[in-house]
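Before any comments, here is the structure.
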Amino acid sequence: MMKSSNPIFAHLEHINQHQWIRNFLSTYWFVVFIHFVAQLGSFLFLDYEATPYHFYVHILIVPTLGMMAMILWAEWVQRKRQSYSYYALFLTSTFITWMIIYLNYDIRIITALCLIPIFSAVIFFKRRLLWISSILQIVAFAALYLADPHFRTFLTSFDVVSIPAFIMGGTFVAHVIVTSGSEILSNLHQTMQSKQELIVHNAIMSKMSKTDGLTNLYNQVSFKDYYETAYDYASQGVTLHLALLDIDNFKQINDTYGHRVGDMVLGIVAQVIQQYISSSDIAARYGGEEFALLIFDKQFDEAYELVENIRSHLAGLKWKELDNQTVTVSVGLHSCEPGLSKEQLFEQVDQYLYQAKRSGKNRTVTAGSIHSIA
């Protein structure tokens, strides 16, 4: 079976195959039990050419104990020596199969059971295990043929040739199944991997289309979509506040210290905003040096305190890149009120922002207050 390059797939594949081994061993317990009941029923209710002692000891008890011992050994290997569990499984399967064949070889079709271990290997899609199982069947047949004269006498010359040929024919059929299955699984893994890569790519592209690459906040397009939805919720009773923040003298920063420093300032301002907003709030870079906030489920005083914390935090920072100067922001804030359209709400907040700029900057303007650290 081809090996998956994905470590998760490989781990899951390992778990699934060892689960199959456990399932097979559980099935073998059932097979031994059914064989025990069938043999006992045949002896009790049908003509059976064996003495009670010979039947109970040599046909029923000893073979059953031998098969049970093989299953117990395979289970021990599966728990303690998992790397050898495949070999233990097929040795056990071969032993049980040929023990049943030996005890019932007067039923001529019974030798077809030797295909069961071979086709069991198909489940694991491992060609090596398939051929190992096939060789085990031929070895078991040869050993039984050479060791038991009764079995040898019972078989015809045609049987001696046809049984190994039957085993090899079944092996080639199983080999074709394994080869075809491996190709199907390989194609399936490649399709799943391509699908995963496409999902990741689409997620990245979706995020890139919604967020600003410099600040990792939402961009203006996505903010407008969220603003539409937020306003609809506000119309149904959800508390909503809109704030606009603008970096003071940003053009002067760019002209004096360069765009690299300007970009750094934008990034730090975005980080401070994210530090204070809650997970339910929405922050966006609305354009240039301007930011927009949608604040939900807070009283107006709480929303006011939030934007003031952002403003005062930024005003308290000293920037070594700006010769230890400060960077301040001006803020406009207003709540969504009944009778106020979304356009009117945005225009009102924009007017408050403009008023904050005209009245000295580094302040928050609302319907009833002007605050600054000056």
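Residue by residue, here is whether (1) within 22 Å of V238 (Cβ to Cβ); (2) of a type in the set (D, E, K, R); (3) open to solvent by 20 Å² or more (accessible area, probe 1.4 Å) holds:
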site	(1), (2), (3)
M264	no, no, yes
A283	yes, no, no
Q325	no, no, yes
E343	yes, yes, yes
Task: Residue among A112, A38, A88, A50 that alone is modelled with pLDDT of 90 or more, of a type in the set (G, A, S) and over 39 Å from the mean Cα position of the chain (by Cα) - done: A38
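Kindly provide the set of residues from the range 109-128 that are in contact (Cβ under 8 Å) with a residue 40 or more places away in the chain and either under 25 Å from V160 (Cα atoms) or of a type in the set (D, E) (or both), ordered by number.
Result: T111, A112, C114, L115, I118, F119, S120, A121.
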Open item on the list: Could you list, ordered by first residue, the pairs with Cβ atoms under 8 Å in which the first is in the range 221-236 and of a type in the set (F, W, Y) and the second is in a helix (DSSP H, G or I) and modelled with pLDDT of 90 or more, at least 6 apart or interchain?
Closed with: Y227/K342; Y227/F346; Y231/K342; Y231/L345
Task: In the range 134-164, the residues that are open to solvent by less than 60 Å² (accessible area, probe 1.4 Å) and among the small types (G, A, S) - done: S134, A140, A142, A143, S162
Open item on the list: Among the numbered criteria (1) in contact (Cβ under 8 Å) with a residue 24 or more places away in the chain; (2) under 22 Å from G262 (Cα atoms); (3) in a loop (DSSP other than H, G, I, E, B), which one does G360 miss?
Closed with: (1)
- [ ] Answer yes or no: is there a residue in the range 124-133 that is over 26 Å from S182 (Cα atoms) and either among the polar types (S, T, N, Q) or open to solvent by 70 Å² or more (accessible area, probe 1.4 Å) (or both).
- [x] no
- [ ] Return the residue satisfying two criteria in turn: it lies in the range 305-323 and is open to solvent by 50 Å² or more (accessible area, probe 1.4 Å) and within 42 Å of the chain's Cα centre (by Cα), and of such residues it is nearest to Q252 (Cα to Cα).
- [x] H313
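The values are calculated or read from the model by the stated rules, or taken from the named source; none is laboratory data. On a predicted model such as this, the values are computed, not experimentally measured, just so you know. Using ideal geometry, Cβ is built from the backbone for each residue, glycine included, and neighbour counts are taken over all protein chains shown. Each accessible area value is taken on the protein alone, full model and side chains, heavy atoms only, with ligands, DNA and RNA left out. Shrake-Rupley method; radii C 1.70, N 1.55, O 1.52, S 1.80 Å.
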